[in-house]
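Below is one structure, written out as structure tokens; the observations come after it.
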Amino acid sequence: MPETFAGTGVLIRLGLRRDRWMLPVWIVGFALVTYSTALAGTELYPDVTSRVEASTALNATASMVAMFGRIYDPSSIGALSLIKYTAFMTAILAVLMAILVIRHTRGDEESGRLELLGGGRLGRDAPLAAALTIGLAANVLLGLLCAAALAAGGLPAAGSVAFGLGWAATGMAFSAVAGLAAQLTASARAATGISIGFVAITYALRAVGDLAEPGPSALSWVSPIGWNQQIRAFAGDQWWVLVLPVCLSLALIPAAFALRARRDLGSGLRAERPGPAIGSLSSAWDLAVRLQYRVLVAWAVAFLVFGVVIGSLVSNVAELLSSPNAQDVIKLLGGPQALRDAFLAAEISVMGLLAAGYGVSAANHLRSEETAGHTEALLGTATTRIRWASSHFTLALGGVALLLLLAGVSIGVGAAVAVSDPDAVGRSTTAALAQVPAAWVVTSLALVVFGWAPRLAGAVWGILLAFVALGEFGVLWNAPQWLMDLSPFRHSPLLPVGTGDAAVLMVLTVAAAALAALGYVGWRRRDLEA
């Protein structure tokens with residue numbers, strides 16, 4: 001083994017020990033949901049007629065196509081049952097794999113762990129090689145287990161293997177993207193932002209490409225998430241498409257190692273600018289803004305671009321319903337305007353979930369500042385615990401509201417231009433702001449965990465993913481109503497369809513405030529942790 005890879009095996013064993021709980025939960029969780037979906041799909045659609053009817057309805061609904069893609073074989077029980085897994089769950093898998101790789105590369109550099117380990121015999125490329133090896137092993141195991149689960153659930157073996165390999169190859173491609181992003185910046189947060197931003201862009205490209213008629217357009221074919229969809233598991237099994245994510249991985253991984261050779265430990269290719277000779281930050285609030293504004297600006301740009309793209313699609317929504325029966329149903333519902341509002345409501349609810357993701361990320365900055373030792377130094381000054389925590393937490397809440405405001409305005413502007421309807425701006429903005437209280441509840445959960453169990457800060461991401469899964473798959477899994485009602489997003493009004501309930505928004509806001517108060521109590525009572 002070359003000297004630059006010395007110690008890779010030790011780092012792999014160390015990484016597997018650190019992830020001994022997280023990785024099994026992810027892998028087994030994905031396998032279980034695919035198994036339960038396979039069983040539920042067979043029960044829900046027992047004959048070909050019911051499958052064709054359901055598939056035709058889904059393919060004729062623009063918001064469903066944008067969210068999950070098309071069903072290429074309406075008679076296939078596998079293609080119908082797993083429609084939400086080929087794009088939407090693939091994006092979630094991509095985010096998890098990006099987090100995994102950055103945790104073991106840039107995250108360990110930022111915390112100083114790799115510098116400490118470097119006191120032994122550790123090659124320059126060993127951390128990246130270990131992280132990518134763990135990612136590859138996790139993706140392959142996840143893909144094989146999911147393939148076995150689908151086959152055990154009664155779906156065809158060939159399609160099950162194609163689906164599992166699709167997840168494995170796509171997950172590895174996004175692991176490679178994260179490995180490359182980890183070389184570009186000097187912070188784990190920025191690298192994670194780049195990786196998740198790439199996932200969002202590829203998901204948006206796939207959505208726009210799938211909405212084209214007769215679809216998919218070239219945009220779907222430039223997206224790794226679109227590639228996973230074009231494998232068409234259970235709908236023709238296009239095995240050759242697996243070559244695309246594999247080739248992307250083979251191109252990005254050497255590039256990541258080449259970039260790693262051009263930088264020092266703890267630095268990124270993009271050098272950070274030195275601060276002024278005389279400091280200008282006068283309070284904990286100024287420091288929190290300084291630490292968080294760049295990430296917020298990146299999220300804001302992504303929300304603006306994604307919003308304009310989504311808004312501009314409403315002009316094609318009514319045209320996607322080519323069947324006379326579907327057109328009659330739409331007329332009964334109130335015409336194309338009702339269909340456009342339903343499309344906007346579905347997309348804005350997704351923006352609410354994404355904004356909650358930003359809120360959790362921003363609130364978790366409290367934990368990263370504490371583990372880095374910065375909090376201890378700040379609390380040695382006149383800064384109180386509550387003031388310091390409030391600086392980051394308020395920015396998290398404000399950032400959530402700002403992102404959803406930008407989403408509503410940009411979606412509305414895109415829709416107004418597309419269908420010459422100026423009122424769309426007001427309707428979309430109101431709908432987006434109605435998602436703010438639910439996103440605040442999730443953000444406040446991060447403060448609760450930070451206050452009472454800081455070592456479990458990452459668990460809030462699991463809670464958010466559980467809310468997403470319950471919202472998207474709860475009905476399919478026959479989940480009990482009380483369990484689905486635990487998600488705050490289930491109570492948010494789906495504007496601009498129907499009318500909003502101010503009382504519900506008030507209850508969610510009070511719940512967020514109560515959770516925040518609980519988090520502050522815990523933070524005041526516990527000791528600092530390094």
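The values are calculated or read from the model by the stated rules, or taken from the named source; none is laboratory data. Model, not experiment: these values are computed from the prediction. Quick reminder, even Gly has a Cβ in these numbers, built from the backbone with ideal geometry, and neighbours come from all protein chains shown. What goes into the accessible areas is simple: the full protein's heavy atoms, side chains included, and nothing from ligands, DNA or RNA. Shrake-Rupley method; radii C 1.70, N 1.55, O 1.52, S 1.80 Å.
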Quick one: what do you get for the chain if you divide its Cα Rg by 2.2 N^0.38 Å?
0.98
Inter-site label distance for A6 and S282 at 7 Å from Cα along Cβ, in nm:
5.3
Rel. contact order, % - alpha carbon contacts under 8 angstrom, at least six apart, the stretch 1-126:
39
Quarter of the surface of the C-alpha convex hull for the stretch 410-523, i.e. direction-averaged projected area in nm², equals 8.7
What are the extents of the Cα atoms of the stretch 357-457 along their three principal axes, in Å, largest first?
58, 25, 18
Contour minus Cα-Cα span, A382 to L184, at 0.36 nm per residue, comes to 67.7 nm
In order through the stretch 103-111: 3J(HN,Hα) via Karplus (6.51 cos²θ - 1.76 cosθ + 1.60), integer Hz, x for Gly, Pro:
4, 8, 10, 5, x, 5, 5, 5, 7
Between W21 and A218, what length in nm is gained on full extension when 0.36 nm per residue of separation is reduced by their alpha carbon distance?
66.9 nm
Tally up the carbon and sulfur contribution to the accessible surface of the chain as a whole percent, 1.4 Å probe, everything protein left in place.
68
Under a plain spin-label model, where a point goes 7 Å from the Cα along Cα-to-Cβ, how far apart in nm are S50 and W452?
4.3
To one decimal place, what Kirkwood hydrodynamic radius in Å is obtained for the stretch 468-530 from all pairs of distinct Cα atoms?
14.3
Mean Cα-pair separation over length for the chain, i.e. relative contact order, pairs under 8 Å, 6 or more apart, %
14
Average projected area [Cα convex hull, the stretch 99-209], square nanometres
8.5
Rounded to the nearest 500, what is the chain's calculated 222 nm mean residue ellipticity when only DSSP H runs of at least 4 contribute -39500 (n - 2.57) each, over all residues?
-23500 deg cm²/dmol
Ignoring solvent entirely, what values of log10 I(q)/I(0) come out of the Debye formula for the stretch 182-280 at 0.15, 0.16, 0.22 Å⁻¹ when each Cα is a single scatterer?
-0.77, -0.83, -1.13
On a full-extension model of 0.36 nm per residue, what is the gain between V521 and A255, subtracting their alpha-carbon distance, rounded to one decimal in nm?
91.0 nm
What are the ³J(HN,Hα) couplings of the stretch 170-185, residue after residue, when phi is run through the Karplus curve with 6.51, -1.76, 1.60 and θ = phi - 60°? Round to Hz, x for glycine and proline.
5, x, 5, 4, 6, 5, 5, 4, 5, x, 6, 4, 5, 8, 8, 10
Heads up, the stretch 8-113 by the C-alpha gyration tensor (a ≥ b ≥ c square roots of eigenvalues; a/c under 1.5 rounded, else a/b over b/c prolate, else oblate) looks prolate
Over the stretch 402-515, what is the mean sequence separation of C-alpha contacts under 8 Å (at least six apart), divided by residue count, expressed as relative contact order in percent?
31
Return one whole number: the accessible area per residue of the chain in Å², for a 1.4 Å probe.
43
